[in-house]
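Enquirer: Structure incoming, see below.
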Number of protein chains: 4
Amino acid sequence: MNRAQIGVIGAGDCDARILALAENVGKCIARRNGILICGALGGVMEAASKGAKEENGTTLGILPGKKRDEANPYIDIAVVSDLGEARNALIARSSDVLIAVSGGYGTLSEIAMSLKMGKKVVVLESQWDIKGTYRADNPEEAVDIAFGFL
Amino acid sequence: MNRAQIGVIGAGDCDARILALAENVGKCIARRNGILICGALGGVMEAASKGAKEENGTTLGILPGKKRDEANPYIDIAVVSDLGEARNALIARSSDVLIAVSGGYGTLSEIAMSLKMGKKVVVLESQWDIKGTYRADNPEEAVDIAFGFL
Amino acid sequence: MNRAQIGVIGAGDCDARILALAENVGKCIARRNGILICGALGGVMEAASKGAKEENGTTLGILPGKKRDEANPYIDIAVVSDLGEARNALIARSSDVLIAVSGGYGTLSEIAMSLKMGKKVVVLESQWDIKGTYRADNPEEAVDIAFGFL
Amino acid sequence: MNRAQIGVIGAGDCDARILALAENVGKCIARRNGILICGALGGVMEAASKGAKEENGTTLGILPGKKRDEANPYIDIAVVSDLGEARNALIARSSDVLIAVSGGYGTLSEIAMSLKMGKKVVVLESQWDIKGTYRADNPEEAVDIAFGFL
């Protein structure tokens, strides 16, 4: 059976509290044997990947640019898309379910595309209150809700 | 000098009141010699294109699918992208400024990507209240605000 | 009825003889009221666009990068794709028929994708001898063959 | 250190002899600890993935369509691109080096894009004789040459 592919989305630049949350999300995904999919860059993407690797998980990063070495050091497999913002659609489409940790406009675009595609989106510490998303209070709950949809 | 490229985004399915607003937006863009860019399908996209053609404007449609004949009849030039949702990024990137007329999750994703790219977005009858967008009360005002940013 | 969309593909850097051929291809397309689609950059793309504008034609350029001002000065409407090499697929898909003028690996990729999509491709001064393409001896003949397929 | 990402490209429909070659290519890549990247569908893509899994390798498939279950059963991680032919650019860009096994127009487009990006391409049983590619006589040699470029 296929392993679950869980998208983790969030800003490339954020404070230590958000990074700690993202790292915990990554850990919880790996403990449940999920494959973590993210945008391969810094901030939430790097922290979640780091968490997943601390629990021996698997990480796939879909880069917006054209160089593999732009991926953060916790990415196992890098898709070098060179698609710019359009790569957000691939993260949404490739994820069985998504978890948004905080995040700005880029994250909002991923949330909206995911919902448009009929995907479930769990949000943690989100500034966006978008109908159709599910709010979680902490990383464990976010991952619980996400896996509950599979 | 290059003609302005104005993106008009909104749902492919909407009621008569919204269609009338979109048609007026298209008319106002054409009267100011703007090129209308849209997603080439029905609803707001078709109504805006129809309005632009009624004023002898120029319309570019960026289709998500793989067939040119999926474009509405008011599209002069069709980009057949076969990119699915990722085509939204091209509409945002190709527009000098955007006007959102009502709209659902797809429109929200375009608004968010446009803002992420640093583009100005004018919203008309929007259910989304996204910081950074500019609210207009009617089509004329929306197009006024949009051209004011150029 | 829709105007024909004719793709012109070729290298961004080439000698004066090839530029002259491309310019003539653009002129012939415009005289037959075709819309010229190209990659918006220099070389064959710019020369063909220039030719089309000399005959009051219409030109659509699909840029690989993220800035509209990277388009050559003869592009009427610019699609700013930010898709890198993947934009070649959009040129192929959006063209009713294609004409390749000389060209390197990028052009070869467009020829191959066009053939994969079932499109007709006319080649002029091509270093590639790909089965399924149609060879023309001069710009007039290339455009004649291309329009004959519509 | 990052594991090598090796692209294997070829037709979705081919005869038993080609399938056997592709399966061996997949095995050889896995034995050297490479990650196999392919288009996730049938034919050469499936055979190579099957070979890689027989040697406990890792396989990434980049699907052209919008459903994860269109991937062949030997794909560990699926990128669901919904990009149509444009997904070929992602396979080329994401691979450190590529091996083409036989193949038609789609494969030719990937070879050409890879060369355009400055990637090395090894060809096995290719009908295309494209300057800049490296011919191998058997799967072992193809993978030897490919890893020699890293």
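The values are calculated or read from the model by the stated rules, or taken from the named source; none is laboratory data. Since the model is a prediction, treat every value here as computed from it, not as a measurement. Cβ: placed from backbone, ideal geometry, glycine included. Neighbour counts: every protein chain shown. For the accessible areas, the whole protein counts, side chains as well, though only heavy atoms, and no ligand, DNA or RNA atoms are used. Shrake-Rupley method; radii C 1.70, N 1.55, O 1.52, S 1.80 Å.
Enquirer: Ignoring ligands and nucleic acids, what accessible area does D:Trp128 show with a 1.4 Å probe (Å², nearest 10)?
Expert: Spelled out: D:Trp128, probe radius 1.4 Å, area about 20 Å².
Enquirer: A further question on this structure: Could you work out the Rg to Rh ratio of the protein assembly as shown, with Rh taken as the Kirkwood radius (inverse of the mean 1/r over all Cα pairs)?
Expert: 0.98
Enquirer: Can I ask one more? Let me check I've understood the local charge: for A:Leu19, count other residues with C-beta under 11 angstrom from its C-beta, Lys and Arg +1, Asp and Glu -1. What total comes out?
Expert: -2
Enquirer: Next question. Over the protein assembly as shown, with every protein chain in place, what whole percent of the accessible area is carbon and sulfur at 1.4 Å, could you tell me?
Expert: Accessible surface attributable to carbon and sulfur in the protein assembly as shown totals 44 percent.
Enquirer: Mind checking which aspartates and glutamates have their Cα closer than 17 Å to the Cα of A:Lys27? Skip sequence neighbours fewer than 8 apart in that chain.
Expert: Counting by Cα, and skipping residues close in sequence, A:Lys27 has these aspartates and glutamates nearby: A:Glu46, A:Glu54, A:Glu55, A:Asp76, A:Asp137, A:Glu140, A:Glu141, A:Asp144.
Enquirer: Go through B:Gly65, B:Ala89, B:Ala11 and say which Cα lies farthest out towards the positive end of the charge dipole of chain B; charges sit on Cβ, +1 for Lys and Arg, -1 for Asp and Glu.
Expert: B:Ala89
Enquirer: Keeping all protein chains in place and using 1.4 angstrom, which order do D:Thr58, C:Thr107 fall into by accessible surface area, from largest down?
Expert: On the way: D:Thr58 30, C:Thr107 5 Å².
Sorted descending by solvent-accessible area, the residues read D:Thr58, C:Thr107.
Enquirer: For the stretch C:53-116, which trypsin sites (Lys or Arg not before Pro) are both in a DSSP coil and crowded by at most 16 other Cβ atoms within 10 Å?
Expert: Passing sites in the stretch C:53-116 are C:Lys66, C:Lys67.
Enquirer: Now, a different point. How many nanometers, to one decimal and shortest first, lie between the label point of A:Arg135 and those of its other copies, if labels sit 7 Å from Cα toward Cβ?
Expert: So the label point of A:Arg135 gives 2.2, 6.7, 7.0 nm to the other copies.
Enquirer: Right, here's the next one. Which entries in A:Lys67/D:Lys119; A:Lys119/D:Lys67; B:Lys119/C:Lys50; A:Lys116/B:Lys119 show an alpha-carbon gap greater than 20 Å?
Expert: Among A:Lys67/D:Lys119; A:Lys119/D:Lys67; B:Lys119/C:Lys50; A:Lys116/B:Lys119, the Cα-Cα distance tops 20 Å for B:Lys119/C:Lys50; A:Lys116/B:Lys119.
Enquirer: Any number yet on Rg/Rh for the stretch C:5-148, C-alpha, Kirkwood? Before the final figure, lay out each step's value.
Expert: Working: Rg = 13.1 Å, Rh = 14.2 Å.
Reported Rg/Rh (Cα atoms, Kirkwood Rh): 0.92.
Enquirer: Taking 7 Å along the Cα-to-C-beta vector as the label spot, tell me the D:Gln127-C:Gln127 distance in nanometres, rounded to one decimal.
Expert: 2.4
Enquirer: Leaving out ligands and nucleic acids, and using a 1.4 Å probe, what accessible area per residue does the stretch D:5-148 come to in Å²?
Expert: Each residue of the stretch D:5-148 exposes 33 Å² on average to a 1.4 Å probe.
Enquirer: Further, regarding this structure: How would D:Tyr134, D:Tyr105 line up by accessible area, probe 1.4 Å, largest first?
Expert: Reading off the accessible areas and sorting them downward yields D:Tyr134, D:Tyr105.
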